[in-house]
């Protein structure tokens, strides 16, 4: 930056590093950011294609396409001048490292240094990154570009079970990862749905649908209804859901392809919630015995699937102990096929 010359004077000036989020629409900057830009003696940006530049130009702010060194900035600020650096996506690490080096040397008078975030990520902003990454993968990846809803269905089931396992294991790192894997399934299916020629929808439509549903089914939060106990909340939910779906039977909407124990418990739960008196079938046989056990577990507030998984894990540990294997020791023969 050879065209930067130091003005006369003794004041050290001010350097403002202006950062923005690519997840916020360009031009939507905070008021302090606009004030800093308008009052600056110079505004510099190393990236001539920075998304903020057209909006700064429209606002009448002259931006010089320059990539200053730390020494250049000190010279530009001399005499009490203010220089605003519009940071690129990387955040100007070389420049900030250089300024830190000069400050640490103790040999120069440093200008006032300020990091000014001009736009902030709102909660959930990283979801935009996921949508963008998924969009690119769908277009450029030979495997992902050929996937269908039907082909991905099994992964939704697998990832859901892995999430349940992480929850039951109490592994926080694994929980975070598995939640991401489940979220990926939602975004992936929504991206595929965008290409449907007859009834396309996007991840925004998916989000809008669930937002509307949550608001409608929580009148005690978003409306005038009242609910002070979890039971009252559940009653609100079930009444609203029944009205929405216009269901004839309490069994409507229960997925029959879910695991058998969970299915039995769900049916028993619906019967109990509806206040119906429906005796269990007594045809006999192991299946009917399991049905009775599942209904009993549900009535006692026990998830029969979770209970059986816990018992099965204890059985697995007993098997491994009999085999002389240490707890946590894993074989490698089935790696890649079973988890």
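Coordinate-derived values only; no laboratory data. Everything numeric in this text was worked out from a predicted model, so none of it was measured. Here Cβ is always computed from backbone atoms with ideal geometry, including for glycine, and neighbour counts include all displayed protein chains.
Key figures
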read-out	value
C-alpha center-to-center spacing [the stretch 258-297, the stretch 114-141] in angstrom	46
From the coordinates shown, P(r) over Cα pairs in 20 Å bins from 0, in percent corresponds to which of (1) 19, 37, 28, 14, 2; (2) 27, 59, 14, 0; (3) 32, 61, 6	(1)
Per-residue Cβ neighbour rank within 10 angstrom, fewest leading, 29, 130	130, 29
Folded to 0 to 90 degrees: helix 230-245 orientation relative to the chain principal axis, Cα	90
Theoretical gain in end-to-end length, residue 251 to residue 94 [0.36 nm per residue, Cα-Cα removed]	50.2 nm
Highest-MSF residue in the chain out of 264, 321, 156 [GNM, Cα springs under 10 Å]	321
Exposure proxy order (Cβ contacts within 10 Å, fewest to most) of 141, 45	141, 45
Distance between the stretch 94-110 and the stretch 144-221 - C-alpha centres, whole angstrom	48
Förster radius 45 Å - calculated FRET efficiency between residue 107 and residue 315, Cβ distance, rounded to 0.05	0.05
Percentage relative contact order, the stretch 8-151, counting C-alpha pairs under 8 Å, at least six apart	39
Between helix 260-274 and the chain: long-axis angle, C-alpha atoms, 0 to 90°, nearest 10	90
Crossing angle, helix 149-169 versus the chain [Cα axis fit, 0-90 degrees, rounded to tens]	90
Ranked 312, 269, criterion: other C-beta atoms within 10 Å, fewest first	312, 269
